[in-house]
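A short reminder: the numbers here are calculations on the coordinates, not readings from a lab. Model, not experiment: these values are computed from the prediction. Backbone-built Cβ (ideal geometry, glycine too); neighbour counts: all protein chains shown.
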Amino acid sequence: MGEEGRLSLTTPSVQTAGTLEVDGGALEAPSGLEITGGTLVAAGELSGRITNAAVAVVDPARPARMRGDWTQTSSGTMRAVARFGPTSSGVALKVEGVLKLGGLLEVVAAGGSQLADGTELRLLQAETLKGWFEKLALPPLQDGFHWQWVPLDREVRLKVRSSPTPLVIDWLRRDGADLLRVSGPSFQQQQVIVQVSRDLRHWTPFQRIFPFTGLATIPVPREALAEDAPMTVYQAILGPLGPPEWASPDAGPAGKPVEPASRGW
């Protein structure tokens, strides 16, 4: 569909193959559109309900706006075109509703794009953001650079950094429950162990995050909150893959993790 094109789907619809491209046009799917095969290129106005179980392509150079809800299932792929530069680009896909994430995020570098320290890719933005990607496929960076998630409640944003930063733990309150958000560098073959301590000497692991895709939220363990404890401190350690035992309650990880993050309340 070109700039003047408009496609209105008045009944529940399924795309099983081929490419549906909304290039400056408009796609209306009030009864729902499910992508089970082929590719949806989102580069215009969309409305209704879309479920991506195949491939959806977004590009900040051709932004898309979704008036409604967008769900990506575990079998779906969100393919984002990265156009590097010294400053943030516009949001590739803005969802004015609920955006539920799962499956794979694949970032593809546009030809001739120049990489710069501090470059930010604003991939997705939503009124309500739920879930997270299960797998990442990110373009390789030159030596000394790495990918870093920017921890935001309603946006998926990646940043290129020239120096590793430690893991960060934030306390979130969402949907009536307390959550810990762990964010940090995105490296291949890494896992995160989250631990709790009441005396800064003895640590008890309660969550192993693998694969760690740079950002994760986990429920706060109520059993770890003792009312008579003088403090409760949470710590996240990023280290090489291994069995959960490598982060024993008292010994710390075998191997050499990067700098941990901790925060107490």
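Figures for the structure shown
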quantity	calculated
Interchain or long-range residues, amide H under 5 Å from Trp132's placed H	Leu101
Two-site label geometry, Met231 and Val108: point separation in nm, points 7 Å out along Cα→Cβ	5.0 nm
Two-site FRET efficiency, Thr73 against Arg201, from Cβ-Cβ distance with R₀ of 35 Å, rounded to 0.05	0.20
Computed lengthening from Ala137 to Asp153, 0.36 nm per intervening residue step minus Cα-Cα distance	3.6 nm
³J(HN,Hα) computed for each position of the stretch 140-153 - Karplus, 6.51 cos²θ - 1.76 cosθ + 1.60, integer Hz, glycine/proline x	x, 10, 5, 3, x, 10, 8, 8, 9, 6, 9, x, 10, 6
Cβ-based exposure ranking for Leu46, Leu104, Leu141, in which fewest neighbours within 10 Å come first	Leu141, Leu104, Leu46
